[in-house]
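Worksheet: one structure, shown below.
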Amino acid sequence: MVNTIWAAMILAGIVYAAVQGNVGLVTTAIFSQAASGLTVALNLLAIITVWFGLSRVAARAGLLDALARLIAPVLRPLFPDIPRGHPSLTAIALNIAANVLGLANAATPFGLQAMKELQRLNPRPDTVTPAMITFLALNSACATLLPATAVALRAQAGAREPAIIIGPAAIASGAAMLFVLLVDRWTRRTSGW
Amino acid sequence: MTPLSWTAWILPGLVAVTLVAGLRRRVPVYDEFVAGAAEGVRLGLRLIPLIIGIYIAVGLFRESGALAWVAQAAAPVLAYAGFPPEILPLMLIRPFSNAAAMGVIAELLQEHGPDSFVGLLASVMQGSSETTFYVATLYLGSVGIRRSLHAVHLCLLGDLVGYLAALWATSVLFLA
């Protein structure tokens, strides 16, 4: 899936540029995009470094245990195959909290941490586990209570009420979340997981 | 006071609480921060090729004009579901790149006005969806998973449902 989409986007770009008689664009686009990808990746590296450092201090201070105890009853039914008290549950909880609050900066580092912990439970390291699929689905279709980026873009464009979209965005993201969780539950059952 | 100004307190609050709790437990906070941060650096380095790969594909697709062309070709299908055709490039690019989606939205807001139906729908869609493909490949790639089974399909399906729900919620709340 990933490989096909990736190749399709690049090939479509090359073919379309060629049809338009502008193949030269491909060369410049590839390297300028690689450069901006590197900038983004280095930025993300800095953000991850900060959050990983902070969350380790928080873990040593006992703060994450408290959070895990608080959120475990909600997450357990969604992740029946994660052992009780496993650190992945805390990372998942932090990722969801960051998503709900619209803190995109914090969501990614916690999400990556969750994947790292989930991978420790994986008997076949090259294959995705049911818990990872549930987590990816939940992370990508997570109810958002504060869509900060969208509100900021609207404020910038001079909207009368930039925050007016918070309600419908919460409804739409909540519906998507419910849907993916139901489909995930159903695929887990039919594939015998 | 913007409605979101209290969120400015979340991060400073978290950092302060973490440090105070750590010091009270006699945790060597700086040493632990550095140890955790080192893990972050190792992970961050693994992400660089993944991100550059996505950026090349998305950038080429958009800058060559292929995105606009595909959006135009798909317009009749999505118009059937009730989506305004202007919104299509956003739907197509949103799962792949946050930066590209923000650019598309800024253009839509400028062209149609932030309080037009297209402007409202674009904002709701941005606020209710994620860069699913990007995030899924990054997360799976970060731990070296090659066989992702139906994980990516499920995430993209969730996007589609989110878009339909956004269209419904926007129509009901703002067109009535």
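Odds and ends about this structure:
- Residues B:142, A:88, B:171, sorted so that the one with the fewest Cβ neighbours within 10 Å comes first: B:171, B:142, A:88
- Sorted by Cβ density within 10 Å, fewest first, the residues A:5, B:93: A:5, B:93
- Mean Kyte hydropathy of 1.0 or more with a Cα span along the axis of at least 27 Å, helices from DSSP in chain A: A:24-60
- 18 Å cut-off, amide nitrogen to a point 7 angstrom out along residue B:31 Cα→Cβ, residues in segment A:39-72: A:53-62
- Report summary: the helix-based calculation at 222 nm, which adds -39500 (n - 2.57) for every DSSP H run with n ≥ 4 and divides by the residues of the protein assembly as shown, gives -25500 deg cm²/dmol.
- Look at B:111, B:130 and count the other Cβ atoms within 10 Å of each Cβ; fewest to most, that gives B:111, B:130.
- For segment A:1-61, diffusion coefficient by Stokes-Einstein and Kirkwood Rh (Cα), 10 °C, 1.306 mPa s, µm²/s: 109 µm²/s
- Between 0 and 90°, nearest 10: helix B:66-81 axis offset from chain B longest Cα axis: 70 degrees
- Projection of the Cα convex hull of the protein assembly as shown, averaged over all directions and equal to a quarter of that hull's surface, yields 19.1 nm².
- Quick note on chain B: its Rg to Rh ratio, both from C-alpha atoms and Rh being the Kirkwood radius, is 1.07.
- Cα gyration tensor category, rounded, prolate or oblate, for segment B:126-176 with a/c compared to 1.5: prolate
- Counting charges near residue B:143 (Lys, Arg +1; Asp, Glu -1) among other residues having Cβ under 15 Å from its Cβ returns a value of +4.
- Projected area, mean over directions - chain A, Cα convex hull, nm²: 14.8 nm²
- Coupling constants for segment B:139-154 follow from the phi torsions by the Karplus curve (6.51 cos²θ - 1.76 cosθ + 1.60, θ = phi - 60°), and in residue order they are 5, 5, x, 5, 10, x, 8, 9, 8, 9, 6, 9, 4, 5, 4, 4 Hz; glycine and proline get x.
- Sorting A:178-185, A:140-147 by their mean Cβ neighbour count within 10 Å, with the most densely packed peptide first, gives A:140-147, A:178-185.
- With R₀ fixed at 25 Å, the C-beta to C-beta distance from residue A:3 to residue B:48 puts the FRET efficiency at about 0.85.
Every number in this text was worked out from the coordinates using simple rules, so none of it is lab data. Fair warning: this is a prediction, and the values are worked out from it, not measured in the lab. Don't worry about glycine lacking a Cβ; one is built from the backbone with ideal geometry, like all the others, and counts go over all protein chains shown.
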